[in-house]
Amino acid sequence: MFPIVIIGMGPGNPELLTLAAKNALEEADVILFDCMPDDTLLKTFQFKGEIIAIDKKPDPTAMLAAMEEHYRAGKKVCRLKPGDALIFNGTGKEIRALKAKGIDFRLIPGITASCAAVNIFAVPITEMDESDVSVNFVYHDNETNHQQLKDLAGILKYGSTIHIYFADTDCIGRIAEIITSAGVTPDMSVVVASRISAKDETSVKTTLGKVEATLRSLDMKRPMLFIVGKYVEILSKKQIIPLDNLLINKLSN
């Protein structure tokens, strides 16, 4: 039997799909996903395999059942994951379950949204001999998560960088409040990246103290990534620069 191939498909841009992932998808008989991949990716390559969307809401075991069914039927199965398969995607539970069932699998790494964002927008996140830590964090609106972020915010005092994945603009004020409550000054640099790797990708540089007002004055689309750190800035031209109350659009094509 062929091993199930679990693929990190990157942030969505077809050009950022790895060659290993593309090769595996071209050979697949069945391509499974539950988190909608960027339509552009599937339309660009038009893979020959049957593409099946699995809805796990009514049945959390549906994806595992589908993988097992097609695997035992002798098909070449690919399972898509956004970004990288093992970062914030619940893949750990899936591969433990596959291993327990004696189902062979392999993983192909993908480019995470944070990795793509800092390169696309040219955002320095580390500095030689000064900043040696860069951390990914997913924001959830609960007390445990808030305390984790507050504890983590202490590293910002040493020049480190935190990448925060968040759902919408409504929570950005709370995120800034938590970080400043840990002793981080409101003038700490912040970059917010929007629609990473898509055609309408953009970013804005501001500060902790101004980030909520800045985002509320802009029409930045989800998903967004909040990057905070001493050395954070945008060196590419793909940004919106807030200047007092005037927004100067600096988007490049």
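The values are calculated or read from the model by the stated rules, or taken from the named source; none is laboratory data. Because the structure is predicted, anything quoted here is derived from the model rather than measured. Ideal geometry is used to build each Cβ from the backbone, glycine not excepted, and the neighbour counts take in all protein chains shown. All accessible areas refer to the heavy atoms of the entire protein, side chains included, with ligands and DNA or RNA removed. Shrake-Rupley method; radii C 1.70, N 1.55, O 1.52, S 1.80 Å.
Helix 62-72 axis versus longest C-alpha principal axis of the chain: approximately 40°, rounded to the nearest ten.
A Förster radius of 22 Å, combined with the Cβ-Cβ distance separating Ala100 from Asp59, puts the computed FRET efficiency at roughly 0.75.
Highest mean packing comes first when the peptides 167-179, 94-106 are listed by Cβ atoms within 10 Å, giving 167-179, 94-106.
Taking each DSSP H run with n ≥ 4 as -39500 (n - 2.57) and averaging over every residue of the chain yields -8000 deg cm²/dmol at 222 nm.
Taking the C-alpha atoms only, the angle from helix 172-181 to the longest principal axis of the chain is near 60 degrees. Couplings 3J(HN,Hα) of the range 130-141, computed from phi: 10, 9, 10, 10, 9, 10, 9, 9, 9, 7, 10, 7 Hz, in residue order, whole Hz [Karplus 6.51 cos²θ - 1.76 cosθ + 1.60, θ = phi - 60°; x for Gly and Pro]. Cα convex hull, the range 31-89: 95 Å³ per residue, rounded to a whole number. Backbone geometry of the range 199-207 corresponds, through the Karplus equation with coefficients 6.51, -1.76 and 1.60 at θ = phi - 60°, to 3J(HN,Hα) couplings of 5, 9, 4, 7, 8, 9, 9, 8, 10 Hz, x marking Gly and Pro.
Listed by chain and number, the lysines whose C-alpha is less than 27 Å from the C-alpha of Lys221, apart from same-chain residues fewer than 8 away, are Lys43, Lys56, Lys57, Lys81, Lys150, Lys199, Lys205, Lys210, Lys230, Lys237, Lys238, Lys250.
So, for the chain, what is the accessible surface per residue at a probe of 1.4 Å, expressed in square angstrom?
For the chain, the per-residue accessible area is 52 Å².
Carbon-plus-sulfur accessible fraction, the range 79-228 (probe radius 1.4 Å, protein heavy atoms only): 51%. In order along the range 153-159, the phi-based Karplus estimate (6.51 cos²θ - 1.76 cosθ + 1.60, θ = phi - 60°) of 3J(HN,Hα) comes to 4, x, 6, 5, 5, 9, x Hz; Gly and Pro are listed as x. Between amide H atoms placed 1.01 Å from N, distances below 5 Å from Met188 occur with Leu208, Gly209, all of them 5 or more places distant or on a separate chain. Take 16-25, 122-131, 200-209 and order them by the average number of nearby Cβ atoms within 10 Å per residue, most first; the result is 200-209, 16-25, 122-131. Dipole size of the range 167-246 about its Cα centre, with +1 on Lys/Arg Cβ and -1 on Asp/Glu Cβ: approximately 260 debye, rounded to the nearest 20.
For the range 1-58, just say rounded, prolate or oblate: build the C-alpha gyration tensor, square-root its eigenvalues into a ≥ b ≥ c, call rounded for a/c under 1.5, and beyond that prolate if a/b exceeds b/c, oblate if not.
In terms of gyration-tensor shape, oblate.
From the gyration tensor of the Cα coordinates in the range 149-223, what semi-axes in whole Å does the equivalent ellipsoid have, largest first, with each one equal to sqrt(5λ)?
Whole-Å semi-axes of the equivalent ellipsoid: 22, 13, 11.
Given axes a ≥ b ≥ c from the Cα gyration tensor, I'd like to know whether the range 110-191 is rounded (a/c under 1.5), prolate (a/b larger than b/c) or oblate. Note, shape of the range 110-191 comes out oblate. DSSP bridge analysis restricted to the chain gives an antiparallel fraction near 55%, rounded to the nearest 5. A Förster radius of 51 Å, combined with the Cβ-Cβ distance separating Asp129 from Lys237, puts the computed FRET efficiency at roughly 0.95.
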